[in-house]
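Everything below concerns the one structure shown next.
The values are calculated or read from the model by the stated rules, or taken from the named source; none is laboratory data. Bear in mind that the values here come from a model prediction, so they are computed numbers and not experimental data. Note that we place each Cβ from the backbone using ideal geometry, even for glycine, and neighbour counts take in every protein chain shown. Just so you know, the surface numbers come from the protein's heavy atoms only, side chains and all, with ligands and any DNA or RNA stripped out. Shrake-Rupley method; radii C 1.70, N 1.55, O 1.52, S 1.80 Å.
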Amino acid sequence: MDFFSQTYVALRGPTGAPQTPADTIARLSDRLSPATLLADRRAAVLALKGLSRDCKQDVGDRALNGLLEVLYNDAEVDADIGKAVLETLNQLCETEDATPGSRDLGFKHTDALVASDKTTHSLFALLGDTNFYTRFATLQFLTTLLHNRRQAIQKYFLTAPAGPSSVIAKVLAFEGAFEKLFNTVTQEGGVDGGAVAQGALTCVDGLLRFNSSNQSYFRETSLPPVLCALLQFPVSLDVQQTAPQEFALQFWDDQKTANTGLIVGIIGMLVASKGYGVQENPPFTRCLVEIALASNAPTALKTQALRLLPTNVNFPLSEISLTPYVPVPETNGEEWDRLELASALDALVELAIHGEYNGLDAGKRTMESLELRTAAATVFENFVRKDDIRQAIVQAMLPAPDAEPDQHPRPTPLLHALASPPNTTSTLDPAEVTSTHLATLMFSHLLRGSPRAKASACQVMPGPLQPANQPSSFFVPADGGPPEPAAAEPEDDDEPQTLLQILTENLSLALLSRSRTNTSDREKREWDRYVVGYLSLLSQWLWEDPKSVRGFLDAGGLGVLVEPINQTSEVDSVVPGLCAFLLGVCYEYNREPGEITRATIHPIINRLSVDTLVGQMARFREDDRFKSVSPDSIALPYPTTPGHPSGGKHSPTDEGEVWFDWALVDFWKSNYYTVQRGFSTEPDQLSSTSGQSAESVMLIASLRDVIRQQSNEIETLQKQLKEATAGPSKVMLYPLTELQNEVTSLQSQLKASEEKRKDVEKEQEDLLVLLDEVTNKRKKDKARLREAGQDVSEDEEEDDEQDE
């Protein structure tokens, strides 16, 4: 209907009088201007398409330039307008029409188009468009142009940036190029081959990348299993079977690493491409998992394999059995020890927390190793997106229902790293700091947005923890069985602490240690990373969870947060900003009865001043450690000068550090405005709706005010009704008839007011449902843009507008 109405408006004159075709075409040509709306331009092109059959000369004379501008600017953006403008131009250049004069007009329009290379170069670029109808219409138009002016089109084809690659790639693919290239790779020795094998694999990668038609054709051939065979990985491998040792343990050099990287990249393309069948995915996904978690492949290859796993991981990581390996010391990688059979999920968590080869080189903390560990943490985040999986992992940390009160489940590596207290007696070990920090990031993925997981986490009691310097039972020596378990130390008579209490205590210890006067700048930075990990986790745990807020406040969390906010420093902005944010979360969701209430926190906020709290959060947002985090990488190079970010390119062997992940950055940007505004609310005011925009919050607040006013009116009417019907003295003052009339009137008013209140409540519920749908759609659109490799900065822009 929009199209017909817009076309009708374009065709009729100012007074609705009939127009000649020339007048109509002139009016439609004016609507092709970039200054008009896209929908108006689309309607104008569709109308001109219909007129081009009978008014070919007028459309060409008046609208050809406007149609070309639409081709240059809109065809790649909107598939409908692209298809329409291509078909219109094709009609104008058609020379096989039997209409008198049509042939000459077709050549005339063709000559106008090929006068410069801009039109043909744009058409060659459209051949790579993802929309089928756009590509099909482009091919039709190019065929017409070739028929009319072959030499000019051929000349422009050779100089077009996207011409030869987009056309020749299709030709080569369907002429058996894939088979010939893989034969070359096999004859050269597979992944052990030299530069020739690498060149052939590079050609395969170039033919498949960003080319959906070639990918579809490749999947239909018998070549996909060859990719696994080149890596010596069996295609048919049962879930409980482990990969063969000849795949897991190989000798690596730079050439083999480059060849394998190309094959892994091709596998990643096939796994991530839409339409790839479920039956074909498991072998490739299993191959990527085995490379990353159970092989001696170079670190860069393992990172690449993890990053190529699809974001919607529908792979049973907890059911896959694999055998990790670690190098025997002082053998230069020629001898390897086998580790205990484990699930892929356990190996993934171990890799993220302890690093490669059970933390063998975790103390070095290079950029290369951190990229691998953070990639593992990202895979873990994608795996636990489903609430049932989160709940199952958290439930595994709880004691069995029939367990004795003093029996605690064996701490998992994640829980152990999370609950282990920081070392306050000697110099900090960077490996321990990184392990705890990554554990906080991973545990936050389990709790974020999951009330069930948060409720279960509040019941977790880690119990006695094994010292960090003891060998993990995950290790199996090459010459014997697993080590004997260490004797358990006698437990204290104190009541066991919950995980939330332990985290609060660890946060307090870390804050005290970072404030010591004899702490070096480097060690203070390590303590800051400890604190940031705890604060980031607690901020996401306590969000929208009043019960957890009550547990944190009862554990002394309020006093822990106040002191860092008071200690203002020009250099330090991360810790005070996070403390201010967490204080705001506690104030916003402090809704459970207890000793510390909103009325208790409000004077503290006033003493600190709202401006100070908001300023600390603003400084935190502008910190380079926060701004430098991206969805693709969260590992940052360690600054050469304290307090200044390190710029330029960095080597994989340079030292790195991790502060935040993208999930925390996105969480902060989505909710910091609610916390900032909450500082100014009174203790007895209703808490605002979290996570919404300022306009949404204001709308909901106004609806609540209306409901509150109507509730007061109802109470007043009920009170008047009671007074009218109570006591004989009232009856003596007024005639019975007047009293009955008044009662009837009051009852009618009460009923009308209640109906009005119900309508407003229903309207509010509908608005909230609509708001939630819009929010979810926005998140999905942002996720699609990120998957498409586009920059998404809408949150940043919206936040800036709200600050103003």
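Counting every Cα pair in region 515-625, what percent are over 22 Å apart? Value for region 515-625 (Cα pairs over 22 Å): 31 percent.
If the chain linking residue 341 and residue 388 were pulled fully straight, counting 0.36 nm for each residue of separation and taking away their Cα-Cα distance, it would gain 14.4 nm. Computed on protein heavy atoms with a 1.4 Å probe, the accessible areas place 179, 335 in the order 335, 179, largest first.
The residues of region 505-559 expose, per residue, 34 Å² of accessible area to a 1.4 Å probe.
If you average the C-alpha positions of region 79-140 and of region 414-458 separately, how far apart do those two centres end up, in angstrom? Between the Cα centres of region 79-140 and region 414-458 lies a distance of 61 Å. Note: region 266-376, Cα convex hull, 104 Å³ per residue.
Please list 369-382, 613-626, 74-87 highest first by mean number of surrounding beta-carbon atoms within 10 Å per residue. Please list the in-between numbers first.
Numbers: 369-382: 23.5, 613-626: 18.6, 74-87: 20.9.
Highest-to-lowest ranking by the protection proxy: 369-382, 74-87, 613-626.
Take the Cα of residue 761, step 7 Å toward its Cβ, do the same at residue 53, and the gap between the two points is 6.0 nm. For region 72-137, dividing the convex hull volume of the Cα atoms by the residue count gives 80 Å³ per residue. Straight-distance candidates among the lysines for linking to residue 780, with alpha-carbon spacing under 26 Å and chain neighbours fewer than 8 residues away dropped: 274, 386, 454, 627, 669. Close amide H pairs (under 5 Å, H built 1.01 Å from N) link residue 114 with no residue at least 5 positions away or on another chain.
Note on residue 544/residue 752: beta-carbon distance plugged into 1/(1 + (r/R0)^6) with R0 of 41 Å gives a FRET efficiency of 0.70.
Roughly how compact is region 196-349, stated as its Cα Rg over 2.2 N^0.38 Å to two decimals?
1.04
Placing a pseudo-label 7 Å from each Cα along the Cα-to-Cβ vector at residue 714 and residue 187 gives an inter-label distance of 8.6 nm. If one puts a single equal scatterer on every Cα of region 184-227 and applies the Debye formula without solvent, what log₁₀ I(q)/I(0) results at q = 0.28 Å⁻¹? So the normalised log intensities work out to -1.00. Look at the dipole of region 493-614 built from charges on Cβ: of 512, 608, 561, the Cα furthest out on the positive end belongs to 608.
About the centre of its Cα atoms, region 514-629 shows a dipole size close to 80 debye [charges on the beta carbon of Lys, Arg (+1) and Asp, Glu (-1) only; nearest 20 debye]. With θ taken as phi - 60° and the Karplus curve 6.51 cos²θ - 1.76 cosθ + 1.60 applied, the whole-hertz 3J(HN,Hα) list for region 611-628 is 4, 5, 5, 5, x, 4, 5, 5, 5, 4, 5, 8, 5, 5, 5, 8, 6, 7 Hz, x standing for glycine and proline. Using the Cβ-Cβ distance between residue 591 and residue 216 with R0 set to 51 Å, the FRET efficiency from 1/(1 + (r/R0)^6) comes to roughly 0.40. Ordering 743-754, 61-72, 191-202, 576-587 by mean Cβ neighbour count within 10 Å, with the highest value first, yields 576-587, 61-72, 191-202, 743-754. Sorting the segments 133-139, 113-119, 413-419 by their mean number of nearby beta carbons within 10 angstrom, highest to lowest, gives 413-419, 133-139, 113-119. Between residue 781 and residue 518, the simple spin-label model (points 7 angstrom out along Cα→Cβ) gives 5.9 nm.
Fully extended, how many nm does the chain gain between residue 23 and residue 246 (0.36 nm per residue separation, minus their Cα-Cα distance)? Mind showing how you got there, number by number?
On the way: separation 223, 0.36 × 223 = 80.28 nm, distance 7.74 nm.
The residue 23-residue 246 span can extend by a further 72.5 nm.
Here is the tail figure for region 532-596: Cα pairs spaced more than 20 Å apart come to 23 percent of all pairs.
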